[in-house]
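S.K.: Structure in C-alpha cells, see below.
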Amino acid sequence: MKEQCEYLTSLGFKATFIGRDPNEESDILSGMHDFIYSSPESLLGVQKWRDMMANSTSIKLIVVDEAHTIIQW
C-alpha cells in the first residue's frame, strides 16, 4: 500500500492508507483523499471505517484486493 500511495502521490493524486498516520484519520473520514487503501480487516473490523463506507456520499468505488480473506459481510 505504501508504494502504491507514493506512486499515486507522485502523479498528483492525494493517496493514503488506513493505519499510515493516526493524525490523518480525520482527513480520511472527511473525504480529503482521492485514493484510500486498506485491508478488509480494517474496513470491516473497525466501526468508524464501516460507518464511513455506509454514510459517505463521496465514495465512488471500493476495490478489495484480498477478497479471499473476507469470510462474511
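S.K.: Starting from segment 17-34, keep only residues that are on the phi > 0 side of the Ramachandran plot and surrounded by 13 or more Cβ atoms within 10 Å (Cβ to Cβ), then list their pairs with residues that are of a type in the set (Ser, Thr, Tyr) and part of a loop (DSSP other than H, G, I, E, B) whose Cβ atoms are within a distance under 9 Å, requiring at least 6 positions of separation or different chains.
M.R.: Gly19/Ser38; Gly19/Ser39; Gly31/Ser56; Gly31/Thr57; Gly31/Ser58
S.K.: Further question on the same structure: Collect the residues in segment 24-73 that are charged (D, E, K, R), in a helix (DSSP H, G or I) and at pLDDT 85 or above, keeping them in residue-number order.
M.R.: Those that are charged (D, E, K, R), in a helix (DSSP H, G or I) and at pLDDT 85 or above: Glu24, Glu25, Asp27, Lys48, Arg50, Asp51.
S.K.: Same structure, new question: Can you give me the number of residues within segment 19-37 that are over 15 Å from Ile59 (Cα atoms) and not polar (S, T, N, Q)?
M.R.: 6
S.K.: Restricting attention to segment 1-16, which residues are surrounded by fewer than 14 Cβ atoms within 10 Å (Cβ to Cβ) and part of a helix (DSSP H, G or I)?
M.R.: Lys2, Glu3, Gln4, Glu6, Tyr7, Ser10
S.K.: Which ones in segment 42-52 are under 12 Å from the mean Cα position of the chain (by Cα) and either of a type in the set (Lys, Arg) or surrounded by fewer than 13 Cβ atoms within 10 Å (Cβ to Cβ) (or both)?
M.R.: Lys48, Arg50 - these are the residues of segment 42-52 that are under 12 Å from the mean Cα position of the chain (by Cα) and either of a type in the set (Lys, Arg) or surrounded by fewer than 13 Cβ atoms within 10 Å (Cβ to Cβ) (or both).
The values are calculated or read from the model by the stated rules, or taken from the named source; none is laboratory data. Please read these numbers as outputs of a predicted model, since none were measured by experiment. Note: ideal-geometry Cβ built from the backbone for every residue, glycine included; neighbour counts use all protein chains shown.
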